[in-house]
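To start, the structure under review is shown below, and the notes come after it.
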Amino acid sequence: MAVPGKTAKPAVVECTSSPFFGLWKPQAHLKHLFYGPSCVSKYLETVLPSDASRVFIVTGATLAKKTPLVHEVETLLGAHHAGTFAGVRQHGPVADVEEALGLVLDDASIDTVLSLGGGSPIDAAKTISHRVHEQRGHFLTHIAIPTTLSAAECTAGGGYTGPDGTKVGFMAPGMGVAAIFYDPLFSRYTPRRLLLATGIRAVDHAVETAYHPTSSEMPWKALACWALQVLFEELPRLANSSSAQPSGHGQGQDGVHGYHDSLTRLFLAAYATSGLRGANFTGNMGLSHALGQALGSPYGISHGETSCLTLAPVIRLKAELDVEDARCISRLLLPATGKTGSGNVLQDAMQFADDVAELVQRLDLRPLPLSRRGVGHDQVPVIVQRAMRGSDNEKLRLALTALVENLL
């Protein structure tokens, strides 16, 4: 009961390594999450803020020029369509964001931004909304139609790549996506390798949830464990399916309906790894993500590929450096792989790292060494410095240096 004359203070609780103490505060930005074939065509217009809403589409050149998807969305929007920017490149260079922002600011009737594609257009749309807020005092309503499993649509954070090639990120509650459409029909043109690599990115999200100091046991960690099970089951199935654009009318797992069901499960798993982190989540994601940012935009490597490079080595490093991290990681072994642990948390964490590496191999995503991507030994301290994010932990620096050198 409130005490007269006193203002209640908001609860500030960080989760600990104990699964039985913590706090989860729901995020307020997401209003609708649709999933399943044709959900876009059935429900897109229902999530617009008003009957007079004007929608600006943000996407990439490949989807606009080589697929009918952008035209399909423009047609569905009809008179609500205010314009399209189809120039967002990988990692969202700031020049692309500023060009799209200029088009939005030129039309005061635009109240909604719709991102179509992977993480780059989604992050670009969030950044545009944030910039509009800075200039006009209100965020745009953001609708996302993802075509990959990167899960950028799940958070209220975004960013862009600066002129020097490094990623600039920021977070604000109003940047969050209001409506997500997980429609497998919109991934029918996504290259198989890209889908699979972003699936490993989703695995990365789930794993780094396990040992993050402010991740809550319920619902985030619990659903991240479920997501790992789905990802380990469905990614190999996706890799082995006959076509990324299935045809026919089969009702079984090998037919079109089975393929769409499988892809929808993967979308929902990707959401579970990131969409329930809670408003009390603080800081950045873990070391694999930090390395991904240090390697991604500066060297032109997609974040799906960086996760293929970094995740298994980071799991091993985390387990070796901290027994509590090893304990958190070891909990993932059974839900992800069905294997019963040995009871030795370090041994079980190392087994899980091996299983992640094996999954990458099974999906034929064996990453090229960094040296094959033009990254020399002189870049090792630069990469380590970026990944350290200002930390002065010398033990971690030495371990990270050895890890990055092994990636060359």
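Any read-out appearing in this document is the output of simple, stated calculations on the displayed coordinates, not a laboratory observation. Note that the structure is a prediction, hence the values are computed from the model and not measured. All Cβ positions, glycine included, derive from the backbone under ideal geometry; neighbour counts span all protein chains shown.
Of Thr161, Thr46, Thr337, the residue with the greatest mean-square motion in the GNM of the chain, using alpha carbon springs below 10 Å, is Thr46. Simple rule: put +1 on each Lys or Arg Cβ and -1 on each Asp or Glu Cβ in region 32-188, find the dipole, and look at Ser129, Gly92, Pro49; the Cα lying farthest toward the positive end is Gly92. Sorting 57-68, 362-373 by average packing, meaning the other beta carbons within 10 Å per residue, from highest down gives 57-68, 362-373. Based on Cα contacts under 8 Å between residues 6+ apart, the chain shows a relative contact order of 16 percent.
With r defined as the distance between the Cβ atoms of Leu185 and Glu45 and R0 fixed at 22 Å, what FRET efficiency is calculated, to the nearest 0.05?
Efficiency, from the Cβ-Cβ distance: 0.85.
Sort out for me the Cα centre separation of region 139-218 from region 383-403, rounded to whole Å. The distance from the Cα centre of region 139-218 to that of region 383-403 comes to 25 Å.
Ordering Val404, Gly376, Leu363 by the projection of their Cα atoms onto the charge dipole of region 338-408, which places +1 on the Cβ of Lys and Arg and -1 on the Cβ of Asp and Glu, puts Gly376 at the extreme positive end. Compared with the alpha-carbon gap, the fully stretched path from Asp392 to Lys66 is longer by 112.6 nm at 0.36 nm per residue. With unit charges on the beta carbons (Lys and Arg positive, Asp and Glu negative) and the dipole taken about the Cα centre of the chain, which residue among Thr59, Ala272, Asn240 sits farthest to the positive side? Looking along the dipole axis, the top candidate is Ala272.
With both partners inside the chain, how many of the DSSP beta bridges are antiparallel, as a percent to the nearest 5? The partial results should precede the final answer.
Working: 5 of 26 bridges.
Antiparallel: roughly 20 percent of the beta bridges in the chain.
Our analysis of region 346-408 gives Rg over Rh at 1.04, with the two radii drawn from alpha carbon positions and Rh computed by the Kirkwood formula.
Here the gap between Phe21 and Arg372, fully extended at 0.36 nm per residue and compared with their Cα-Cα distance, gives a gain of 121.8 nm. Dividing the mean sequence gap of close Cα pairs (under 8 Å, 6+ apart) by how many residues region 133-186 holds gives a relative contact order of 44 percent.
Estimated from helices alone, the mean residue ellipticity of the chain at 222 nm is -15000 deg cm²/dmol (sum of -39500 (n - 2.57) over DSSP H runs with n ≥ 4, per residue). Once each part is reduced to its C-alpha centroid, what is the distance from region 296-339 to region 55-99 in angstrom? Distance between centres, Cα-based: 34 Å.
Indicate, rounded to the nearest 5 percent, the antiparallel portion of the DSSP beta bridges found entirely in region 32-188. Provide the component values of the computation, followed by the final result.
Working: 5 of 26 bridges.
Counting only bridges with both partners in region 32-188, antiparallel ones make up about 20 percent.
Charging the Cβ of each Asp and Glu at -1 and of each Lys and Arg at +1, and nothing else, the dipole of region 324-408 about its Cα centre rounds to 200 debye. For the chain, excluding the exposed loop sites themselves (chymotrypsin sites (Phe, Trp or Tyr not before Pro), DSSP loop, at most 16 other Cβ atoms within 10 Å), the longest remaining stretch covers 190-408.
Using a ≥ b ≥ c from the Cα gyration tensor of region 32-188 (square roots of the eigenvalues), is it rounded, prolate or oblate, where a/c under 1.5 gives rounded and otherwise the larger of a/b and b/c decides, a/b for prolate? Note, shape of region 32-188 comes out rounded.
To the nearest 20 debye, what is the magnitude of the charge dipole of the chain about its Cα centre, counting +1 on the Cβ of each Lys and Arg and -1 on the Cβ of each Asp and Glu? Walk me through the numbers on the way to the answer.
Values: 34 positive and 37 negative charges, 47 e Å.
That gives the chain a dipole magnitude of about 220 debye.
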